[in-house]
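The block underneath contains the structure these notes are about, expressed in structure tokens.
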Amino acid sequence: MIDDDVSVCKALCRLLRAAGLDARGYTSAEDFLDASLPNEPDCLVLDIHMPGLSGPALRDQLQAMGRRIPVVFITGHATEEDATDSADALVLRKPFTAHALLDAIHSVTGSEVGQ
């Protein structure tokens, strides 16, 4: 979970953990890139608009590094330019329901949430 709004990041991490997922929160793309993770994430939930490296820019950078991680983009400012050109990403507009987020994660990962 990467969102520059600390309260959103914490709330969504709590939600994902309650659904049985191992969720970690970062308040910037740079913090995520600097983290030493024991395993590659199964999915990234990325805010589109963040200071520094944006969500789509992070996704593109990870892909350039050969890291193909499914992505769910979240945004409060979605426009047509925010649409992704990737089959492994979805865009949710804030506010969204817990059910919508969990369904989106399931959709991009192809696995049942919490399994």
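The phi torsions of the range 8-20, fed into the Karplus equation with coefficients 6.51, -1.76 and 1.60 and a -60° offset, translate into couplings of 5, 4, 5, 5, 6, 5, 4, 4, 5, 5, 4, 8, x Hz, rounded to whole numbers, with Gly and Pro shown as x. Taking amide hydrogens as placed 1.01 Å from N in the peptide plane, the amide H of residue 50 sits under 5 Å from those of 55, each at least 5 positions away in sequence or on another chain. Taking each residue as 0.36 nm, the span from residue 31 to residue 7 lengthens on full extension beyond its C-alpha to C-alpha distance by 7.0 nm.
Entry comment: accessible area of the chain is 55 Å² per residue, from protein heavy atoms only and a probe of 1.4 Å. Of the two radii for the chain, the radius of gyration is 0.91 times the Kirkwood radius, both from the alpha carbons; that is the Rg over Rh value. Proximity of backbone amide H atoms, modeled 1.01 Å from N, is registered between residue 90 and 71, 72, 73 at under 5 Å, excluding neighbours fewer than 5 places apart on the same chain.
The values are calculated or read from the model by the stated rules, or taken from the named source; none is laboratory data. These figures come from a predicted structure and were not determined experimentally. The accessibility values were calculated without ligands, DNA or RNA, using every heavy atom of the protein model including side chains. Shrake-Rupley method; radii C 1.70, N 1.55, O 1.52, S 1.80 Å.
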